[in-house]
Amino acid sequence: MLRWAGAALIVAGAMTARGDDFAYQLKPTAVADGVYALIGKTENFTRDNGGNIVNTGFIVGQDGVIVIDSGPSKAYGTQQRAAIAGVTPQKVTQVYLTHAHPDHFLGNQAYADVPIAATVATNAALRQSGDALLDNLYRLVGGAMSGTQVQFGSADAAPGSVRIAGRALRLIPAAGHTAGDLMVFDEATKTLFTGDLVFFQRALTTPNADIPRWLATLDAIDKLDFKVMVPGHGPVLRDHAGVMQTRDYLQWLSGALKDAANRGLDMPEVMRLPIPERFRTLAVLQTEYSRSIAHLYPAYELETLPAARP
Amino acid sequence: MNEVAGRAAQRVARMIGAAACLLSGFAALAAERPVDPLNSPGWSTIHGRYFKDQTVVFDERVKVMAPSAAENPLDVPVQIDADGLADVEQVLVVADLNPIQKILSYEPTRALPSLSFRFKVEQSTPIRAAMRTKDGVWHVGGVWLSAAGGGCTTPSHGSADPLWQTHLNEVSGRLWPKADSNTQRLRLRVVHPMDTGLASGIPAFYIDRLVISDAQGEQIARLNTYEPISENPVLSFDLKGSGPVRITGGDIQGNKIAAEIRP
């Protein structure tokens, strides 16, 4: 009987091993008039979630559709495009990438016939580390990545107001989560796609973070006249709670790391420090906290180690 | 297996064990290779290379603390400690499945058997600390580290950036006195590319020794480092007593390290 069960597993495995067969079951949520979000899980990358831990979105214009981020895989991008076709007969005419992290741009292959724009820094980062990010996601996600390759953006996004498919948009370059974040603001509905400059109810990630610049960007976001906010990860917001939570966590994190370095702690000791109660509801908190220490602590500790006399 | 069969099997195993004791005698048994709690394919090689004919026990007091997954395979942080284990004379840290297994050896002459460092990992592997006490017994603890790898065969940043050439072996560091335990934490950073020799066209070039001495020149601790230690090593020691320390050492090409650190 065990042998039969094994054979059944192998067959099931073969059926799901092809990326095209990984069903993301993407369901567009209308967040404003003509504006939709595809809300991912607040998890880490796993084989089960196929890398769908990210929020992407699209805006339906008069004669075209604007897509914000293409997701973690070719299969995601393909299914995202199919989900858009289920909402509107309009064709996708523009893709914007918010930044160069693998959950946001690896669906680009599904939009090979569409202009894909990102900031200069994001396009440079894709060329420099796109393949390494891709390899890592294959390792973490496996079969759902099948057929996925890095496809670069075709243009640098010019900051400021643009009209695409009859829709007035503002492209807002920023930095902090990466060196080249891009936010997309829909003027008609005052919907702001923040990319990963805002995380909500999920611990934020810092592999390319610059915390002072990120905090300055959050202050700038607070001054924007948005009504709806689609964060990079976590539920859609209609207030400033996501900005406040992201700022609170970043301020605590930088303070905690600076304090630990001043006390002479080494990285594994810092990883074991308690995290304040108010953050414990954030998804994947401990994992992301440990990762952040690996990214950020070396700079803090160097500040505490003065040059020794020979 | 049901419970009765399980108990029967345990009983048989005990009987075989008892017979083995009688046949081989305790001295020979003591030098046998104990079963690896980490179930690593590399343990028999590690045992043969470093612990052959010596007494080895797996001891939960020997702690290896590292993240479960390597975020950066070039720079995996590890802390070892053995709270409650007295008279540790020698410490050996190895990664079973790294192409170069030996990471460091440490003599905590007048220091606690604790140390933090970072290393380069090539693939998922156990990290083990073995601590030899005065009675000659090696006490071993360890953890598995999951890693995408490539850390040992990737060129160092230094190999592409000549900055290290003008700063080679420069030391920065600081002492943090801990009055309650009459110890002091020493943290050090030394500028060095720590090339493993496994990246194409870049020969091995690494710091192989650091000695920490007191103001009278007496050794407080001695550390021998090997290829897997991360570039620009950052190390944390817990030294007994207090007061200024002198660091001396060098790399495999004869470049010297010398620094003085005051509280």
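Using the empirical formula 2.2 N^0.38 Å as the baseline, the Cα radius of gyration of chain A reaches a ratio of 1.05. Solvent-accessible area of the range B:40-261 (1.4 angstrom probe, protein heavy atoms only): carbon and sulfur portion equals 48 percent. Phi angles across the range A:150-165 convert, under the Karplus curve 6.51 cos²θ - 1.76 cosθ + 1.60 with θ = phi - 60°, into 3J(HN,Hα) values of 6, 10, 6, x, 9, 8, 7, 6, 7, x, x, 7, 9, 10, 10, 6 Hz, Gly and Pro given as x.
With N the number of residues in the protein assembly as shown, Rg(Cα) / (2.2 N^0.38 Å) evaluates to 1.12.
Taking every DSSP beta bridge that has both ends in the range B:112-186, the antiparallel portion is near 100%. I need the calculated FRET efficiency for the pair B:Glu60 and A:Leu273, taking r as the beta carbon distance and R₀ as 25 Å, to the nearest 0.05. Taking R0 as 25 Å, the efficiency between B:Glu60 and A:Leu273 is 0.60.
So if R0 is 51 Å, what FRET efficiency would A:Lys41 and B:Glu218 give, r being the distance between their Cβ atoms, rounded to the nearest 0.05? That gives a FRET efficiency of 0.30.
Over the residues of chain A, the helix contribution to mean residue ellipticity at 222 nm works out to -11500 deg cm²/dmol, using -39500 (n - 2.57) for each DSSP H run of at least 4.
Distant-in-sequence amide contacts of A:Val198, defined by a placed amide H-H separation under 5 Å and a gap of 5 or more residues or a different chain, comprise A:Gly232. Summed over both chains, the area buried between B and A is near 2200 Å², taken from the accessible surface of protein heavy atoms with a 1.4 Å probe. Largest to smallest in accessible area, the residues B:Val76, B:Val57 fall in the order B:Val57, B:Val76 (1.4 Å probe, all protein chains included). Just to confirm the number: angle between the C-alpha axis of helix B:3-30 and the first principal axis of chain B, 0 to 90 degrees, nearest 10? Roughly 60 degrees between the two axes. Only aspartates and glutamates eight or more places from A:Lys223 in sequence, or on another chain, were considered; those with a Cα closer than 14 Å are A:Asp239. Amide hydrogen proximity for B:Gln123: with H placed 1.01 Å from N in the peptide plane, the residues at 5 or more positions away or on another chain lying under 5 Å are B:Gly150. Excluding same-chain neighbours fewer than eight residues apart, the lysines reachable from A:Lys227 by a Cα-Cα span under 26 Å are A:Lys27, A:Lys41, A:Lys190.
Residues of the range B:53-71 that bury at least 20 Å² of accessible area once all protein chains are present, compared with their chain alone (1.4 Å probe, heavy atoms only, ligands and nucleic acids left out), are B:Met65, B:Pro67, B:Glu71.
Within the range A:14-240, antiparallel bridges make up roughly 65 percent of the DSSP beta bridges whose residues both belong there. For chain B, the spread of Cα coordinates along the three principal axes comes to 69, 44, 29 Å, biggest extent given first. Among the trypsin sites (Lys or Arg not before Pro) within the range A:277-310, those in coil by DSSP and having at most 13 neighbouring Cβ atoms inside 10 Å are A:Arg280. Note: relative contact order over chain A, using C-alpha pairs below 8 Å and six or more positions apart, is 15 percent. When you restrict to C-alpha pairs under 8 Å that are six or more residues apart and normalise by the size of chain B, the relative contact order lands at 18 percent.
Considering the dipole of the protein assembly as shown built from charges on the beta carbon (Lys and Arg +1, Asp and Glu -1) around the Cα centre, which of A:Ser290, A:Gln251, A:Gln62 is farthest to its positive end? Value: A:Ser290.
The values are calculated or read from the model by the stated rules, or taken from the named source; none is laboratory data. All of these numbers come straight from a predicted model, not from anything done at the bench. Neighbour counts run over all protein chains shown; Cβ positions are idealised from the backbone, glycine included. For accessibility, only protein heavy atoms count, side chains too; no ligands or nucleic acids. Shrake-Rupley method; radii C 1.70, N 1.55, O 1.52, S 1.80 Å.
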